[in-house]
Amino acid sequence: MCAMCNIPSHIDDPSYRYKMPKLQTRIEGRGNGIKTNMVNVCDIARSLKTNPAYITKFMGAELGALSSYSVEEEKSIVNGAHETSTGQSMVDKFIDKFVLCPNCRLPETDMIVKKGFLCAGCKACGWSGDLDNGHKLVKFILQNPPGSSGGGGGDGGGKKGKGDRREKQRERAKKKKEKKKDKKAKDESDDDDDDDSEDAGASRKASKEKGDDDDLNFTDEVIKESIARVRKLIQEAEGKGKPMGAEKFFDEVRMIQIQNSFSAKLRLYVALEGVCGDNMLPDKVKAKMPYWKKLIATPPMAISDILYAFEVYYVENPKNRKQYPMVLKELYGADQLPEAELLKHYAKENDSDGFEDAKTAAKPFLDWLQQEDSESSEDDEDDDEDVDVDDI
Ligand SMILES: [Zn+2]
């Protein structure tokens with residue numbers, strides 16, 4: 001057994017729950033070929049759930065020395081003779097920059113590469129954001145991203161349990177997906193309608209079934225926290241005078257979704273609440289259309305799931321309900337709601353949350369659509385962008 005210390009080692013508390021082995025080193029070679037073997041970097045990396053090559057590379061970069069890590073031999077070498085204490089302080093520095101959450105300081109982050117940037121999310125407090133992308137090590141990480149050979153993984157001494165939970169969550173999500181697929185298959189066999197959104201039937205059915213219980217509910221605390229996080233991100237971006245682009249917005253919301261494993265329909269709801277707050281003005285919906293488009297398209301959402309997000313929004317913000325026709329108009333005008341599916345959705349009975357009230361509120365717009373339909377030829381795919389419902 002090797003000596004253990006806290007993560008990072010300068011925390012004194014003997015009962016601290018995050019532990020790692022203390023660094024052991026051995027000087028090898030002599031003269032110009034002298035080098036330091038960081039003997040147990042592999043074990044340290046396992047405790048930190050990171051890649052031993054990252055730690056090795058980091059030490060080299062900080063010490064201004066060549067370094068190498070051999071995956072086969074699990075051997076970590078930094079050129080030159082270095083004290084064990086120097087090596088240990090490098091490990092701690094690595095931890096500070098790439099393992100600890102900048103917000104809660106716990107070693108509970110998952111490192112990911114997003115669009116060429118190194119980011120992380122914290123499982124303890126929910127923080128997510130960029131890591132120090134200015135550090136030399138980042139280039140190496142981007143070339144050898146987490147999860148690639150020798151990346152993260154291993155069961156860490158101090159942090160066991162959390163990883164298992166995540167595994168389970170992932171499994172759960174997978175199972176759920178399969179379940180949906182089954183439903184879809186079932187639905188297609190007895191579905192004679194002509195809608196071209198292949199998933200619409202399945203999801204409509206899924207949302208009708210109260211047994212859809214492995215998804216979270218829109219009233220859950222986790223969802224409320226997620227909304228608060230989106231709101232904060234928006235405010236911060238606007239505070240800096242740089243409103244988020246759709247891609248960035250999507251990435252942020254997607255990360256929150258992954259951390260809490262909820263469905264795409266709840267993700268859209270979280271985004272609506274986060275962006276519009278308790279006053280979803282049609283103008284705001286229009287102004288942020290790139291956000292909705294990106295969410296609705298990635299992956300393509302069934303219309304019932306899109307509308308679900310609005311329906312539950314109006315459960316939480318009933319005063320906004322009278323604006324629903326204009327909100328629908330904006331989405332319809334931006335080609336986000338195919339007319340036939342929209343009409344079909346509200347032609348049905350459904351006891352899901354907020355459905356009936358939303359249906360009633362939407363009536364003026366739906367009536368207008370139907371009227372338009374009977375007047376014009378049926379071939380109106382994309383020629384009436386300029387919907388005029390101001391007089392409804
Ligand atoms: Zn944290």
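Just so it is clear, none of the values below were taken in a lab; they were calculated from the coordinates. Predicted model only: the values in this text are computed from it and were never measured. Positions of Cβ are generated from backbone atoms using ideal geometry, with glycine treated the same way; all protein chains shown enter the neighbour counts.
If the only charges are +1 at each Lys and Arg Cβ and -1 at each Asp and Glu Cβ, what is the size of the charge dipole of segment 4-105 around the Cα centre, to the nearest 20 debye?
Numbers: 13 positive and 11 negative charges, 23 e Å.
Once rounded to the nearest 20, the dipole reads 120 debye.
Extension gain LYS114-LYS93, at 0.36 nm per residue separation less the Cα-Cα distance, in nm?
Details: separation 21, 0.36 × 21 = 7.56 nm, distance 2.33 nm.
Result: 5.2 nm gained on full extension.
So what's the net charge close to LYS136: Lys and Arg +1, Asp and Glu -1, counting the other residues with Cβ under 9 Å from its Cβ? Write down the numbers at each step before the final one.
Values: positive: LYS57, LYS139; negative: GLU62.
Combined, the nearby Lys, Arg, Asp and Glu give +1.
If I take R0 = 51 Å and measure r between the Cβ atoms of SER68 and LYS224 in this structure, what FRET efficiency does the formula 1/(1 + (r/R0)^6) give, to the nearest 0.05? Let's see the in-between values first.
Values: r = 49 Å, r/R0 = 0.95.
According to the calculation, E is roughly 0.55.
Stretch LYS348-LEU216 to full length: gain in nm at 0.36 nm per residue minus the Cα-Cα span? Write out the running numbers ahead of the final one.
On the way: separation 132, 0.36 × 132 = 47.52 nm, distance 2.43 nm.
Working it through step by step, the gained length comes to 45.1 nm.
Can you tell me the relative contact order of segment 4-105? Whole percent, Cα pairs under 8 Å, sequence separation 6 or more. Please report the intermediate quantities before stating the final value.
Values: 160 pairs, mean separation 26.2, N = 102.
Taking the mean separation of contacting Cα pairs over the length of segment 4-105, I get 26 percent.
Which loop-located trypsin sites (Lys or Arg not before Pro) does segment 213-295 contain, where loop means any DSSP state but H, G, I, E or B and the Cβ has at most 16 other Cβ atoms within 10 Å? Walk me through the numbers on the way to the answer.
Values: sites: LYS224, ARG229, ARG231, LYS232, LYS240, LYS248, ARG254, LYS265, ARG267, LYS284, LYS286, LYS288, LYS293, LYS294; in loops: LYS240, LYS288.
Here the sparse-neighbourhood loop sites are LYS240.
Filter LYS286/LYS319; LYS294/LYS322; LYS115/LYS294 down to the pairs with a C-alpha to C-alpha distance above 24 Å, please.
Working: LYS286/LYS319 19 Å; LYS294/LYS322 26 Å; LYS115/LYS294 16 Å.
Violating the 24 Å Cα-Cα cut-off are LYS294/LYS322.
In whole angstrom, and with the biggest value first, how far do the Cα coordinates of segment 4-105 range along each principal axis?
Over segment 4-105, Cα extents along the principal axes are 43, 23, 22 Å.
Spin-label point model (7 Å from Cα, Cβ direction): what's the LYS232 to LYS19 distance in nm?
3.2
For segment 4-105, build the charge dipole from Cβ charges (+1 Lys, Arg; -1 Asp, Glu) around the Cα centre, then report which of MET38, PRO14, GLN24 sits farthest towards its positive end.
PRO14
Any chance you could run the full-extension gain for LYS248 through ASN37? It's 0.36 nm times the residue separation minus the Cα-Cα distance, nm to one decimal. Don't skip to the answer; put the middle values down first.
Values: separation 211, 0.36 × 211 = 75.96 nm, distance 4.16 nm.
Full-extension gain reported as 71.8 nm.
Too long at a 29 Å Cα-Cα cut-off: which of LYS35/LYS136; LYS57/LYS114; LYS93/LYS224; LYS19/LYS75; LYS75/LYS136; LYS265/LYS359? Numbers along the way, then the final one.
Details: LYS35/LYS136 21 Å; LYS57/LYS114 21 Å; LYS93/LYS224 35 Å; LYS19/LYS75 22 Å; LYS75/LYS136 21 Å; LYS265/LYS359 18 Å.
From LYS35/LYS136; LYS57/LYS114; LYS93/LYS224; LYS19/LYS75; LYS75/LYS136; LYS265/LYS359, over 29 Å: LYS93/LYS224.
Beyond 13 Å, what share of the Cα-Cα pairs of segment 45-96 is found? Please give it as a whole percent.
Details: 725 of 1326 pairs.
Roughly 55 percent, once rounded to a whole number.
For a quick check: with amide H placed at 1.01 Å from N, whose amide H comes under 5 Å from LEU118's, ignoring anything fewer than 5 positions away on the same chain?
Under 5 Å from the amide H of LEU118 lie the amide H atoms of LEU131, each far enough along the sequence or on another chain.
What FRET efficiency do you get for HIS10 and ASP335 if R0 is 41 Å and r is their Cβ-Cβ distance, rounded to the nearest 0.05? List each step's numbers first, then the result.
Numbers: r = 57 Å, r/R0 = 1.39.
E between HIS10 and ASP335, to the nearest 0.05, is 0.10.
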